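A.B. asks: My structure is below; once you've seen it, I'll send some questions.
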Amino acid sequence: MKKIFSLASLIALLFVVAVSRHLASPEAGVPSFPNAAVVSVDPIASNVGVEILKKGGNAVDAAVATGFALAVTHPTAGNLGGGGFMMIYMADRVGQVAGIDYREKAPERSTARMFLDERGEVDAVKSGVGYLVIGVPGTVRGFWEASTRYGKLDWKTVVEPAVKLARDGFVVDSVLSRSLKAQSGRMEEYPEFGRVYRKADKSFYEPGETMKLADLAWTLEQIYARGWQGFYEGEVARRLTEGLKAGGGIITLNDLAKYEAKVRTPVRGTYRGYEILGMPPSSSGGITLIQMLNLLEGFDLGSMPRRDAGTIHLLAETMRIGFYNRAKYLGDTDFVHVDLPKLISKEFIRPFRDKINLQHATASKELGADIITREGGSETTHFSVIDGQGNAVSNTYTLEQGYGSRVIAPGTGFLLNNEMHDFNMNPGVTDTKGLIGTTPNLIQPGKRMLSAMTPTIILKDGKPYLVTGSPGGRTIINTVLQVVVNVIDFKMDVQAAVDEPRIHHQWMPDQIEIERPLEGNAPSLQALGDRVRTQATFGDAQSILVKDGKIYPGVDHRTRGGAAGY
Ligand code: DON
């Protein structure tokens, strides 16, 4: 590997930024690529994916390379120490579909009550960031399964660009520089985080400077040379477990050795003639999305004015129902029984639909127990890929919060997740302060915590039509829902569908969150009995639409965003 990548990556960056600016500009009309595209939060990573496609790789090769690149260039969410979901559609294999579940797992020494204090309440310190909230990471194993089962190129070819980015450096932009500066307090608490992401004199990288990540390059080299074993066994595993143990963590060598990613059968639904492929548990995304679309199918949504209070009200009622059922039924199906066919059937949702009042908000309490949940920003990341053969990949992965637990085991250079957050932390206790204590998602050793990540592929006439997904905690499912209805019901092009301001309702708290451009609707919504709160933005839905043989990127600029293609 020659050390010319810094300059090459700078040139590539300038090119892709220019392309994505051009793509985003309304004057440019509706831009498209003729062959293939990668859309992610980060132009450097999108470009890595496209270079892999040009080397003869397929969409899965490009996705794996993009995912590893994001672990270097987008450290808030791109990761080796977290987990996620990859939905795959293989045109090459007569439309075979797969959902790779590489969600983190609870360590073998975890217990259902591990985050409670002596009074039986959730301990804010233990359950925040730090060593105890780390789940056993899944990303490297997930990418290995994707690459070796569905990729065309060899493993080393797809890992190599990330090794080069970490070792030779990449140019920091203003988004990354600002984001790291905002972590300065946490860097004092977790010194290895500060050591890795600041310069030797503890100053921050400014936009335009080159960041080299030597420890991360070393870890990536182990993965490059030895595949998944390079991460879950040997020196990386030793440094990781020893570093965690020193800080009070509980992940063992055995946890790492036992970790496996699961290839799952996607859940399938239909919506107005389109086929929806979603991720089954341990993600709640696919089931909840299909349920909400089943409900909306009973309304002539497309005839309603998109930004009208009545439309927002209907969408919010739909979301409330989806999130109520999510809290009630869903957890890791390797541990709990979930009747998937029933939950995604058209019959299941009918009685809920019949109770919706278009003139007045339903009280969330009437639907069930009182539950309040967290919202999310953009600290997860989603990317979409289509290749020249019509294969598609929709990938969402995360460290949970931005920069996860803030823990980096000395000498490894990669951040660990704080995904244990996503379990129900206080068994049986569901209260108005934010706890869900329902059974399906309680902590058990080896179990995967329930996720809202919703990587989605929508087929038209059996072929990929829309590839989408988003970060945003629980807002993810609703962001995806709105991108889908914007395209299918409101006939928007994919860029407009992504740009369109969003709303969010998650059953509890009983309120509609709206992005700022929708603020003017607040009085009308309040008149319908809805409580309304304004948020700056939700999500970051990096999407692709295929129409008439052309590939249209939907670049979400709420964080940054970059499309590359040819
Ligand atoms: O898996 C989940 O549902 C969450 N851990 C995702 C977290 C997230 O999206 C945070 N911010 N955007």
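The values are calculated or read from the model by the stated rules, or taken from the named source; none is laboratory data. In this text, all values refer to a predicted model and were calculated from it rather than measured experimentally. When we count neighbours, we look across all protein chains shown, and the Cβ atoms used for this are built from the backbone with ideal geometry, even at glycine.
A.B. asks: Scan region 436-467 for residues that are of a type outside the set (A, V, I, L, M, F, W, C) and assigned to a loop (DSSP other than H, G, I, E, B) and jot them down. Steps first, please.
C.D. replies: Our first condition is that a residue be of a type outside the set (A, V, I, L, M, F, W, C); within region 436-467, this holds for 437-441, 444-448, 451, 454-456, 460-465.
Result: 437, 438, 444, 445, 446, 447, 454, 455, 461, 462.
A.B. asks: Run residue 409 past the list (1) within 13 Å of the ligand (Cβ to nearest atom); (2) within 30 Å of residue 198 (Cβ to Cβ); (3) of a type in the set (A, V, I, L, M, F, W, C) and report the number of the one that doesn't hold.
C.D. replies: (1)
A.B. asks: Oh, and also: How do the pairs read when you match residues in region 53-75 that are part of a loop (DSSP other than H, G, I, E, B) with residues anywhere that are surrounded by fewer than 24 Cβ atoms within 10 Å (Cβ to Cβ) and aliphatic (A, V, I, L, M), using Cβ under 7 Å and keeping only pairs 6 or more apart or on different chains?
C.D. replies: 55/153; 56/153; 57/153
A.B. asks: Mind checking whether some residue in region 121-134 is more than 21 Å from residue 398 (Cα to Cα), touching a residue at least 24 places away in the same chain (Cβ under 8 Å) and surrounded by fewer than 24 Cβ atoms within 10 Å (Cβ to Cβ)?
C.D. replies: Scanning region 121-134, I find at least one residue that is more than 21 Å from residue 398 (Cα to Cα), touching a residue at least 24 places away in the same chain (Cβ under 8 Å) and surrounded by fewer than 24 Cβ atoms within 10 Å (Cβ to Cβ), so the answer is yes.
A.B. asks: OK, next. Restricted to region 26-45, and to residues that are under 25 Å from residue 412 (Cα atoms) and more than 16 Å from the ligand (Cβ to nearest atom), which residue is surrounded by the most Cβ atoms within 10 Å (Cβ to Cβ)? First the steps, then the outcome.
C.D. replies: Of region 26-45, the ones under 25 Å from residue 412 (Cα atoms) are 41-42, 44-45.
Imposing the further condition that a residue be more than 16 Å from the ligand (Cβ to nearest atom) reduces the set to 44-45.
Working: 44: 26, 45: 30.
Once the filter is applied, the top-ranked residue is 45.
A.B. asks: Could you look through region 141-183, keep only residues that are part of a helix (DSSP H, G or I) and of a type in the set (Phe, Trp, Tyr), and pick out the one that is farthest from residue 70 (Cα to Cα)? Talk me through it step by step, then tell me what you get.
C.D. replies: Taking region 141-183 and keeping what is part of a helix (DSSP H, G or I), we get 141-150, 155-168, 174-181.
Filter once more, so that each one left must be of a type in the set (Phe, Trp, Tyr): 143-144, 150, 155.
Details: 143: 13, 144: 16, 150: 20, 155: 17 Å.
Filtering first and then ranking leaves 150.
A.B. asks: A further question on this structure: Picking from 272, 239, which residue would you name as being basic (Lys, Arg), exposed (fewer than 15 other Cβ atoms within 10 Å of the Cβ), touching a helix residue (DSSP H, G or I) at 6+ places or on another chain (Cβ under 9 Å) and in contact (Cβ under 8 Å) with a residue 24 or more places away in the chain? I'd like the intermediate steps shown before the answer.
C.D. replies: Working: 239 fails: exposed (fewer than 15 other Cβ atoms within 10 Å of the Cβ).
Checking each option against the conditions leaves just 272.
A.B. asks: Also, quick follow-up: Any idea how many residues of region 459-481 are surrounded by 23 or more Cβ atoms within 10 Å (Cβ to Cβ) and more than 16 Å from the ligand (Cβ to nearest atom)?
C.D. replies: Here the count works out to 3.
A.B. asks: Right, here's the next one. Check residue 205 against each of (1) closer than 24 Å to residue 64 by Cβ; (2) hydroxyl-bearing (Ser, Thr, Tyr); (3) touching a strand residue (DSSP E or B) at 6+ places or on another chain (Cβ under 8 Å) and name the one condition it does not meet.
C.D. replies: Here residue 205 meets the rest and fails (1).
A.B. asks: Additional query: Can you confirm whether residue 558 is within 24 Å of the chain's Cα centre (by Cα), within 15 Å of the ligand (Cβ to nearest atom), over 27 Å from residue 280 (Cα atoms) and touching a residue at least 60 places away in the same chain (Cβ under 8 Å)?
C.D. replies: Working: within 24 Å of the chain's Cα centre (by Cα): yes; within 15 Å of the ligand (Cβ to nearest atom): yes; over 27 Å from residue 280 (Cα atoms): yes; touching a residue at least 60 places away in the same chain (Cβ under 8 Å): yes.
Yes; evaluated as a whole, the condition is true for this residue.
Residues are listed down the side, and each one gets a yes or a no for (1) assigned by TED's automatic domain parsing to the domain that holds residue 59; (2) modelled with pLDDT of 95 or more; (3) closer than 24 Å to residue 557 by Cα:
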| position | (1), (2), (3) |
| --- | --- |
| 295 | no, yes, no |
| 309 | no, yes, no |
| 314 | no, yes, no |
| 321 | no, yes, no |
| 353 | no, yes, no |
| 368 | no, no, no |
| 397 | yes, yes, yes |
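A.B. asks: Another question, then. List the number of the failed condition for residue 336; all other conditions in (1) surrounded by fewer than 18 Cβ atoms within 10 Å (Cβ to Cβ); (2) at pLDDT below 95; (3) in a loop (DSSP other than H, G, I, E, B) hold.
C.D. replies: (2)
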